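No value in this document is a laboratory result; all are computed from the given coordinates. None of these values were measured; they are calculated from a predicted model. Cβ atoms come from the backbone with ideal geometry, glycine included; neighbour counts cover every protein chain shown.
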Amino acid sequence: MKQYEVSEEYRTGNETIDQQHARMLDHTQRAYLLFTDENMLFKCADINKILEGLSFHTAEHFAYEEDYMRELGFDQLEEHIRCHEAFRRKLQEFIDRVPQLSLDTQDEMLGEVFEYLQEWWKVHITQEDMKYVEFANNHETAAP
């Protein structure tokens with residue numbers, strides 16, 4: 001599958017962060033494709049794979065992004081970290097629910113996962129991440 005292409009509104013100007021965002025948005029797209037796949041009957045293993053992959057990539061991304069904000073001296077770092085922690089908790093809730101899924105409940109959860117991810121990334125990247133982008137631009141600090 002081709003990696004998700006990040007639209008201009010999601011670009012931070014930091015190539016590493018933009019590539020990481022693309023990987024995470026790719027997982028969101030995979031959740032959507034799985035949700036809309038009417039030919040696939042058993043989806044739990046794939047749901048778990050998507051969520052575990054997302055968990056891995058977000059851990060990597062959040063660590064990088066938080067280090068970057070520290071280097072910038074970003075004054076809203078703690079608030080941003082709290083956003084990341086809330087996302088991690090929600091993602092873990094989804095992961096914890098996978099073993100209890102059935103044929104009757106898997107699509108409902110997939111829809112919930114997709115909607116959550118789509119909304120979270122949109123708000124987080126276009127609003128929260130853009131705060132440190134603006135801060136960096138105003139302080140003319142180079143990306144790591």
By residue number, the members of segment 105-121 that are in a helix (DSSP H, G or I) and out of contact with any Ser or Thr (no Cβ under 8 Å at 6 or more places or on another chain) are 106, 107, 108, 109, 110, 111, 112, 113, 115, 116, 119, 120
Of those in segment 68-81 that are aliphatic (A, V, I, L, M) and without any contact (Cβ under 8 Å) to a residue 60 or more places away in the chain, the residue nearest to residue 25 (Cα to Cα) is 81
Result of the Cβ filter at 9 Å on segment 12-39, keeping first residues that are surrounded by 14 or more Cβ atoms within 10 Å (Cβ to Cβ) and partners that are of a type in the set (S, T, N, Q) and outside any helix (DSSP H, G or I), at least 6 apart or interchain, is 18/12; 21/12; 22/3; 23/3; 25/3; 26/3
Note on residue 74: of the conditions (1) closer than 21 Å to residue 126 by Cβ; (2) assigned to a helix (DSSP H, G or I), unmet is (2)
Of the residues in segment 82-104, those that are among the hydrophobic types (A, V, I, L, M, F, W, C), assigned to a helix (DSSP H, G or I) and touching a residue at least 24 places away in the same chain (Cβ under 8 Å) number 6
Test residue 65 against the criterion of being within 23 Å of residue 103 (Cβ to Cβ), assigned to a helix (DSSP H, G or I) and either touching a residue at least 40 places away in the same chain (Cβ under 8 Å) or not aliphatic (A, V, I, L, M) (or both), and give yes or no.
no
